[in-house]
Amino acid sequence: MPKEFEFEKSIIELEARISELQVISESGKVDLSREIQAITEKVEALKIEVYGSLEPWQIAQVARHINRPSTLDLIKIICGDEFVELHGDRLFGDDSAIVSGLGRMGNHKVMIIGHQKGHDTEENIYRNFGMPHPEGYRKALRMMRTAERFGLPIVIFIDTPGAFPGIGAEERGQSDAIARNLAEMSDIGVPILCFVTGEGGSGGALAIGIGDRVFMFEFSVYSVISAEGCAAILWNDPSKAKEAANALKLRASNLLEAGIIDGILPEPLGGSHRNHQRAAEEIVKQIEAHLPILKKMTREELIENRYKKFRSMGRFSCEEELENA
Amino acid sequence: MPKEFEFEKSIIELEARISELQVISESGKVDLSREIQAITEKVEALKIEVYGSLEPWQIAQVARHINRPSTLDLIKIICGDEFVELHGDRLFGDDSAIVSGLGRMGNHKVMIIGHQKGHDTEENIYRNFGMPHPEGYRKALRMMRTAERFGLPIVIFIDTPGAFPGIGAEERGQSDAIARNLAEMSDIGVPILCFVTGEGGSGGALAIGIGDRVFMFEFSVYSVISAEGCAAILWNDPSKAKEAANALKLRASNLLEAGIIDGILPEPLGGSHRNHQRAAEEIVKQIEAHLPILKKMTREELIENRYKKFRSMGRFSCEEELENA
Amino acid sequence: MGWFDKLTRPRRDVPSDLWKKCTRCGEVLLIKDLAKNLYLCSKCDQHLRMPLWDRIALLSDDNSFVEVNREIRSVDPLKFVDSKSYGERLKESIAKTDVNEAVTTGRASIEGQPFMLGVMNFEFMGGSMGSVVGEKLTRILEVGADEKLPVIIVSASGGARMQEGIYSLMQMAKTSAAIKKLNRASVPYISIMTDPTTGGVSASFASLGDVNIAEPGALIGFAGPRVIEQTIRQKLPEGFQRAEFLLEHGMIDCVVHRRVLKSTLARILRYLNA
Amino acid sequence: MGWFDKLTRPRRDVPSDLWKKCTRCGEVLLIKDLAKNLYLCSKCDQHLRMPLWDRIALLSDDNSFVEVNREIRSVDPLKFVDSKSYGERLKESIAKTDVNEAVTTGRASIEGQPFMLGVMNFEFMGGSMGSVVGEKLTRILEVGADEKLPVIIVSASGGARMQEGIYSLMQMAKTSAAIKKLNRASVPYISIMTDPTTGGVSASFASLGDVNIAEPGALIGFAGPRVIEQTIRQKLPEGFQRAEFLLEHGMIDCVVHRRVLKSTLARILRYLNA
Ligand SMILES: [Zn+2]
Ligand SMILES: [Zn+2]
């Protein structure tokens, strides 16, 4: 996972030069402020040009940028030290690829659950690159039932390449864990807000993704399969990931149009990894906008509306005449 | 585990001789019917003498006789081929030390759950000597929730030395599994009938023992700790098991008197291992007697009554004056 | 409730190929013999894939099956094109299988007990789940909840239908929620997993039965064996992700031989049905 | 509700022995220093067993603790005699600990939030659970449910009190059912497991917290390590059944240092309390 992408190389290069010039300028020997100003403007123009027209495949790369704000990053900014992390599924283990706990977001006490990736290799190995085992999903479900018991809304951050495909995961029922969450989340009597912050990877993302409101960050993706996986299967050629990313329509704007998500959270030019604070603010803004409405609903209304929301997803034709077409 | 006990050696010896004499007699050469009759009467008298005055420690041995009817034995007799065994906790594994499934007992469709021991060494190793792991208790709980969903009464057979004390069992939360069952069984909205058929070994027995009615077979035991374990701890001498068995008051009659159980099911002289059919009949008799009453109760009545039943167990003093005694 | 029709699909003609090799022992088996033998290998008893209408005939009382929602068909919401367009693939699958989609649903009875039946068809784009599979299954689950009719779904699927992108993923949510609804109505749902049941189907409705039944030897799992081998870079153990493995790991209630599948289902429904 | 009294037990006198050895590093620690340092080893930070009244002082606001049900005392229903009679053992324990039983219960507040507190006392017959422990805990759990007061129970126990035979076993059922009642009332219950929490206490109320907290290094498990070693005939791995092991295996929510235990509890209650 690179810290910078091919398509932003010239921007990062220029930004580095600006920094250097600034040092010289500030040392007082030569005043370069006008030159710096000029280059900065050019970089900004370049950013708009580059980031404003990212291809789906490029967005999929931004979505998994190693410095993208992780669940714990966002929690740290929003909840500070008042967050209490809660661990364990009470069945088998504590999955470090999913974190959860109690915190305050804006004016609301909430249960927070999210995939957790690392910002370096060591941390990523510890977090299994954000790919949960069944115990992660079961921990998430336990937390949701706890939240429900105490009337706490649930805030979920989605950022995973997918559920882990491994021997232990299969032995302990990855399918059961995901399926169970899908069914049980349709039955949770408190508001659920989901935010796709980075990678919304297939069933492993959806397994904590049944929300009353689902939002995506501008440069996040949400897909039934990774572009690489899709290319490998359908094109029989993993290098066709760009084509697959295009075909899968995995961008936030595609999903909004398809009626799958409820809104898109803007990101700074280049992506949220350049400004965690801003990402946190956008999240709090949505929480403040939506929780007061959802909190007024009864348990039954929440469950019924959530059912209808997901019930309506899908496109098909019902016309009998097509039969004989 | 012996197939016969010291205290019944002479009985078994004589019974063997009777069989031999019968073969000779029936071959037609000599008529021994009068002699056989006479010896038989003496054996019967001896049985009454021996089995009628068994010590608690002897009863504890009868309770774990290797030929005692196991859960699957009783199911086979009562349900025949109509039993459908259901497996698995949907979390980790299928524990062969607990069996469960759907069957008909008397006039009632029921969910059946029970500890399962083997009748020989190989089978006992496979069944872990009837000592469940957490997945066994979780399977049991899953079956209870299934039964509740479909309004099926639950029939439970208890026969275990205890929950298994091992590394995997601890890792996967033996304590959690037992505790969870105790709590959840107090919240199951269908009738629960429990039968201690052999060994009621501590928390491992109680974990499937929260019934609206709890019955014990005449020569079964139910105890907070095995006599051997108690002797090892309190007497610091495992050979004092006899004394411990006396002190623990673990016989059915003790428990009936203490208000812990609701009835005692009679056994033939010598114990149920001599007549599985009879044991099955006694069970069906209780099911037919109690289920019609319990089935008339609402979910709330069942849960409230069950709570009161176990709430009342315990002996203590509340008098303030004792303070200064 | 006007969305089902009373037509039962006719039995398909015998496929053009006349023989099949057993996937386990390699025995060459004549299709016409296989059809008479429930698609069990006559040599090693391997449960080979059973064609759709044979499966429906196996599990429902004679002439009791009445298809519903046959008219629901896939569209191509993403205008998806890989080496071929999704539209073409659909046309080919319809032509090949003579059904409109990877699941066929209907009303039927089993030993006299009415129920709703959904049977997936692996021949139709690998039994992949797109919007239509999700919708048709959700509808029978909803009928089940409304009319207190038990639901049985026979799975055979490689997972999600990638060509429908995010819509196919959301069918996992939709069907699972419909099952929860059925649960709340205390109506039995039995899941039958046949070879193969993987991916998004395994990780949604197929795993959520009040009773989960698998056919002997069926491959069942979330991730495909190849994906796992590539990820962990080691060979998978013998029997991994087979029905018996899942039984051992507590994920299914029982492995049932095809010859007694109907009678077992009927018996279970007699217990669970109020 | 007339069964609690308003007396707070006075702080016990300093025990006669003046020093203690750290159970981990072996450092010799003066009791009077330990008492000032929350019974943490000054050298290795090991959490040593904390005396009852220190524990109550640690977890409740100043002077807020009001004991209830102090008058409930054990009887000897089985007339149990081993090397000594149960009656004698009780008398000795009462004399030694200056409390009537292995659990002390009361009303208290934590950072201003009222709650019900139960604290077990390992010095009283190894913190074993007999009828009185079960009854006193059930009563505070019932008050919690009735009055919507959160309940916190601090466990320290070797398990069941064998001298009460089957009655002691049934306390597991009784307390667990009372917790389920609290759950249904949506009242928070926090379990704090201290060294040691094993046997019937571990396998009942101690494991059932909405939030389970353990103190660092505490031994927690169903079966005792010696029993396990005898059964499986192998040595147990380092750290087995310690708090951190349970955290790793998903059984507890967090391991909390004694210095921040009160503030953590108060914070959790602020979240969970309506
Ligand atoms: Zn074959
Ligand atoms: Zn130390």
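The values are calculated or read from the model by the stated rules, or taken from the named source; none is laboratory data. A quick note: this is a predicted structure, and the numbers were derived from the prediction, not measured. Ideal geometry is used to build each Cβ from the backbone, glycine not excepted, and the neighbour counts take in all protein chains shown.
Points to keep in mind about this one:
- Residues in segment D:237-274 that are buried (at least 19 other Cβ atoms within 10 Å of the Cβ), in a helix (DSSP H, G or I) and away from chain A (no Cβ under 14 Å): D:Arg258 only.
- C:Ile72 being away from ligand 1 (no atom under 13 Å from the Cβ), over 19 Å from C:Leu265 (Cβ atoms) and modelled with pLDDT of 95 or more: yes
- Any hit, segment C:94-103, residues being within 24 Å of C:Lys262 (Cβ to Cβ), of a type in the set (S, T, N, Q), more than 14 Å from chain A (Cβ to nearest Cβ) and away from ligand 1 (no atom under 16 Å from the Cβ): yes
- Being in contact with a Ser or Thr (Cβ under 6 Å, 6 or more places away or on another chain), β-branched (Val, Ile, Thr) and touching a residue at least 60 places away in the same chain (Cβ under 8 Å) is a property that holds for C:Val201.
- All positions within segment A:93-142 that are over 21 Å from B:Glu171 (Cβ atoms), part of a loop (DSSP other than H, G, I, E, B) and within 17 Å of the chain's Cα centre (by Cα): A:Gln116, A:Lys117, A:Gly118, A:His119, A:Arg127, A:Met131
- With respect to the stated conditions, C:Val133 fails to be surrounded by fewer than 24 Cβ atoms within 10 Å (Cβ to Cβ) and either closer than 30 Å to A:Val196 by Cα or over 14 Å from the mean Cα position of the chain (by Cα) (or both).
- Here is the figure for segment C:104-128: residues that are within 14 Å of another protein chain (Cβ to nearest Cβ) and touching a Phe, Trp or Tyr at 6+ places or on another chain (Cβ under 9 Å) total 1.
- Of the helices (runs of 4 or more DSSP H) lying entirely inside segment B:246-325, those containing at least 1 residues that are facing another protein chain (nearest Cβ under 10 Å) are B:252-257, B:299-311.
- Residues in segment D:47-89 that are within 14 Å of chain B (Cβ to nearest Cβ), part of a helix (DSSP H, G or I) and in contact (Cβ under 8 Å) with a residue 24 or more places away in the chain: D:Tyr86, D:Arg89.
- Just one of the listed residues (B:Asp94, B:Asp81) is touching a His at 6+ places or on another chain (Cβ under 6 Å) and of a type outside the set (Lys, Arg), namely B:Asp94.
- Lone unmet requirement of (1) within 15 Å of the chain's Cα centre (by Cα); (2) facing another protein chain (nearest Cβ under 7 Å) for C:Ala206: (2)
- For segment A:213-234, filtering for residues that are surrounded by 24 or more Cβ atoms within 10 Å (Cβ to Cβ) and among the charged types (D, E, K, R) leaves 0.
- Set side by side, the residues D:Asp76, D:Asp61, D:Asp45 differ, and just one is within 16 Å of ligand 2 (Cβ to nearest atom) and either assigned by TED's automatic domain parsing to the domain that holds D:Lys91 or not basic (Lys, Arg) (or both), which is D:Asp45.
- Scanning segment C:224-236 for residues that are touching a residue at least 12 places away in the same chain (Cβ under 8 Å), assigned by TED's automatic domain parsing to the domain that holds C:Gly130 and not in a loop (DSSP other than H, G, I, E, B) turns up at least one hit.
- The listed residue being within 23 Å of B:Arg90 (Cβ to Cβ) and surrounded by fewer than 24 Cβ atoms within 10 Å (Cβ to Cβ), out of A:Leu141, A:Leu182: A:Leu141
- Those residues of segment C:90-102 which are without any contact (Cβ under 8 Å) to a residue 40 or more places away in the chain, among the aliphatic types (A, V, I, L, M) and buried (at least 19 other Cβ atoms within 10 Å of the Cβ), in sequence order: C:Leu90
- Residue in segment C:183-193 that is within 11 Å of chain A (Cβ to nearest Cβ), at pLDDT 95 or above and either out of contact with any strand residue (DSSP E or B) (no Cβ under 6 Å at 6 or more places or on another chain) or not in a strand (DSSP E or B) (or both) present: yes
- Of the residues making up segment C:16-55, those that are aliphatic (A, V, I, L, M) and either in contact with a Pro (Cβ under 6 Å, 6 or more places away or on another chain) or within 11 Å of ligand 1 (Cβ to nearest atom) (or both) are C:Val28, C:Leu29, C:Leu34, C:Leu40, C:Leu48.
- For segment D:209-223, filtering for residues that are part of a loop (DSSP other than H, G, I, E, B), more than 8 Å from chain B (Cβ to nearest Cβ) and hydrophobic (A, V, I, L, M, F, W, C) leaves 1.
- Boolean, C:Arg139 is free of Cβ contacts under 8 Å to residues at least 40 places away in the same chain, charged (D, E, K, R), surrounded by fewer than 24 Cβ atoms within 10 Å (Cβ to Cβ) and in the same structural domain as C:Ile268 (by TED's automatic domain parsing): no
- Among residues of segment A:21-39 that are in contact (Cβ under 8 Å) with a residue 12 or more places away in the chain, those with a beta-carbon under 9 Å from a residue that is among the acidic types (Asp, Glu) and outside any loop (DSSP other than H, G, I, E, B) at least six positions away or on a different chain give the pairs A:Leu21/A:Glu35.
- Number of residues in segment B:231-261 that are acidic (Asp, Glu), over 15 Å from B:Glu218 (Cβ atoms) and free of Cβ contacts under 8 Å to residues at least 12 places away in the same chain: the value is 1.
- Tally, over segment D:1-22, of residues that are more than 30 Å from D:Val143 (Cβ to Cβ), modelled with pLDDT under 90 and within 22 Å of the chain's Cα centre (by Cα): 3
- Within segment A:131-184, the set of residues being facing another protein chain (nearest Cβ under 7 Å), under 23 Å from C:Gln241 (Cβ atoms) and of a type in the set (S, T, N, Q) comprises A:Gln174, A:Ser175.
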